[in-house]
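The values are calculated or read from the model by the stated rules, or taken from the named source; none is laboratory data. Keep in mind that what you see is a predicted model, and the values were worked out from it rather than measured. Here the Cβ positions follow ideal geometry from the backbone for every residue, glycine too, while neighbour counts run over all protein chains shown.
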Amino acid sequence: MWRYLIPLALFAVLGGFFVRGLDLNPGFVPSPLIGKSMPEFSVAQLEEPTAQFGSDQLRGQVALFNVWATWCGGCRAEHPFLLELSRSGGIPIYGLDWKDDRASALRWLNTLGDPYVLSGFDDVGNVAIDWGVYGAPETFLIGRDGTVLYKHIAPLTPDVWQQEFVPRIREACGDEPCGAGL
């Protein structure tokens, strides 16, 4: 009798794991940076290679930090929405061009439009490593004090914006003005 119950019990356990696995979000990767200070960094600006862009420019405001590249299909997909956000007068968007060619990135922004207040150029990928980036696009929400409030992996869409970012932005801004349309 036991030899029939053991396989049945194993099957039930495996079935339970399978059912539980279907409930999980495989795209969700928690970031160890959430609730912590953003990594300190300084890189050359994309458009002005002799000038620096770094964590100091992100402090003092609620802002988005978007990691992108011209070779990234998802970045192209999200780009029109980033342009829409930047035109709305909402919170500032800063970019990090990751493991890319500077000339290609500048052509991209000239052709498709530039939603960024500033973009840094991380040609080797060291800054992205410190931020825990493993793919583009990734977008971080940064609080006024430099705390990482949220991380989104994948193209930013209107639905994700409304469900995940807007409530966190409202909370981060409190009673102070933070951006139009929020």
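When the stretch 144-162 is limited to residues that are assigned to a loop (DSSP other than H, G, I, E, B) and over 14 Å from the mean Cα position of the chain (by Cα), the one that is nearest to Ser55 (Cα to Cα) turns out to be Gly146. Scan the stretch 66-89 for residues that are aromatic (Phe, Trp, Tyr) and touching a Ser or Thr at 6+ places or on another chain (Cβ under 7 Å) and the total you get is 1.
Filtered by the rule that a residue be in contact with a Phe, Trp or Tyr (Cβ under 9 Å, 6 or more places away or on another chain) and either more than 15 Å from Leu141 (Cα to Cα) or in a strand (DSSP E or B) (or both), the stretch 31-46 gives Ile34, Phe41, Ser42, Val43, Ala44, Gln45, Leu46.
Based on what the data block shows, is Ile91 hydrophobic (A, V, I, L, M, F, W, C), loosely packed, with under 14 Cβ neighbours inside 10 Å and under 17 Å from the mean Cα position of the chain (by Cα)? Considered against the rule, which asks whether it is hydrophobic (A, V, I, L, M, F, W, C), loosely packed, with under 14 Cβ neighbours inside 10 Å and under 17 Å from the mean Cα position of the chain (by Cα), Ile91 comes out as no.
Considering (1) in contact with a Pro (Cβ under 8 Å, 6 or more places away or on another chain); (2) under 21 Å from Gln52 (Cα atoms), the lone condition that Pro137 does not fulfil carries the number (2). Identify the residue in the stretch 94-109 that is out of contact with any Phe, Trp or Tyr (no Cβ under 9 Å at 6 or more places or on another chain) and closer than 19 Å to Val43 by Cα and, among all such residues, is surrounded by the fewest Cβ atoms within 10 Å (Cβ to Cβ). The selected residue is Ala103. Give the stretch 97-133 a look and list any residue that's touching a strand residue (DSSP E or B) at 6+ places or on another chain (Cβ under 8 Å) and of a type in the set (Ser, Thr, Tyr), or say none. Selection gives Tyr116, Ser119. Taking each residue of the stretch 57-74 that is of a type in the set (Gly, Ala, Ser) and looking for partners that are modelled with pLDDT of 95 or more and in a helix (DSSP H, G or I) with beta-carbon atoms closer than 8 Å, six or more apart or interchain, yields Ala69/Cys75; Ala69/Ala105.
Figure legend. Inter-residue proximity from the stretch 121-137: first residues on the phi < 0 side of the Ramachandran plot, second residues part of a helix (DSSP H, G or I), beta-carbon distance below 7 Å, spacing 6+ or different chains. Indicated pairs: Phe121/Arg102; Asp122/Ala128; Ala136/Gly74; Ala136/Cys75; Pro137/Gly74; Pro137/Cys75; Pro137/Glu78. Residue check: Phe28 meets all listed conditions (1) under 24 Å from Arg170 (Cβ atoms); (2) of a type in the set (A, V, I, L, M, F, W, C); (3) modelled with pLDDT under 95; (4) assigned to a helix (DSSP H, G or I) but one, namely (4).
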